[in-house]
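The values are calculated or read from the model by the stated rules, or taken from the named source; none is laboratory data. Fair warning: this is a prediction, and the values are worked out from it, not measured in the lab. Backbone-built Cβ (ideal geometry, glycine too); neighbour counts: all protein chains shown. Surface areas here come from the heavy atoms of the whole protein model, side chains and all, with no ligands, DNA or RNA. Shrake-Rupley method; radii C 1.70, N 1.55, O 1.52, S 1.80 Å.
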Amino acid sequence: MRDDDTWTAEPATAQRARSVIAAAWSCAVTAESGREELVGAHTMAEDGRLFLEVPEDSPLLGAALCAPRGEPSAVLEFADVAPVPVRNRIRARLWLAGHLAVADGRLAFQPTRVVLRRQSGAVVVGLEEFAAAAPDPLATAEARLLTHLADCHGDAVERLTRLVDAGSLYGAVRVRPLAVDRHGLTLRIERVRSHGDVRLPFHAPADTVAQLTERVHVLLTQAAAAACPRAPRQQRTDAGN
């Protein structure tokens, strides 16, 4: 992070959208020629364009080459799936509407509208913000990090719940790590018939896995301090006499 960056406890919406694309392994493309599911086929340029590697016999490629009225329109859909098994694993969906063109044997997609839908609702992302944003630096490592935390450090997840308000834990039957980004860790609290999410912000952004490890250790230290019993006021007074 540069010295002139302003740190916030939540990623900006445009960065969330770019992070979904960076971490996603597949996407669905819907055009006049039909709908195709592409796996491991998309890359993103810094200017906000997406490039799609499709087979030579793909209807999408044919539509882009033969479009009678110029560039054909299409919609790309990405799903943000929690890497750790939890209830309702789809954390967000991202839709990009735009136009397809052929560039160096690949499909180039220029978005004209970007919509990110999360549990809190759908938000239209400004095109300039989307093009200028960068993915969260932990986006491509998130799946590995959360899976390791859930599978190998369940005791640490349990200790982190000491930082959660007791009311949020009422009726909890399971707590799992749901998401992590440079600004914080989110826990999914599951109850018998419902669930809720609690975010534990870091004291400073984490741009590397090493920094993330340090930030989580700070949270665990805070959790240990929160669990330490404090002497009643009367007892402390008596000890001082």
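Filtering region 136-188 to residues that are among the basic types (Lys, Arg) and either in contact with a Ser or Thr (Cβ under 6 Å, 6 or more places away or on another chain) or outside any helix (DSSP H, G or I) (or both) leaves Arg174, Arg176, Arg182, Arg188.
The set of residues from region 52-82 being touching a residue at least 24 places away in the same chain (Cβ under 8 Å), within 21 Å of the chain's Cα centre (by Cα) and surrounded by fewer than 19 Cβ atoms within 10 Å (Cβ to Cβ) comprises Val75, Glu77, Ala79. Selection within region 23-51: residues that are touching a Pro at 6+ places or on another chain (Cβ under 7 Å) and open to solvent by 40 Å² or more (accessible area, probe 1.4 Å). The member of this set that is modelled with the highest pLDDT is Glu32. Among the candidates Thr213, Thr208, Thr140, the residue that is closer than 26 Å to Arg16 by Cα, surrounded by 11 or more Cβ atoms within 10 Å (Cβ to Cβ) and either touching a strand residue (DSSP E or B) at 6+ places or on another chain (Cβ under 9 Å) or without any contact (Cβ under 8 Å) to a residue 40 or more places away in the chain (or both) is uniquely Thr213. The residue list Val115, Val84, Val102, Val123 contains one member that is under 16 Å from Ala14 (Cβ atoms), in contact with a helix residue (DSSP H, G or I) (Cβ under 7 Å, 6 or more places away or on another chain) and not aromatic (Phe, Trp, Tyr), which is Val123.
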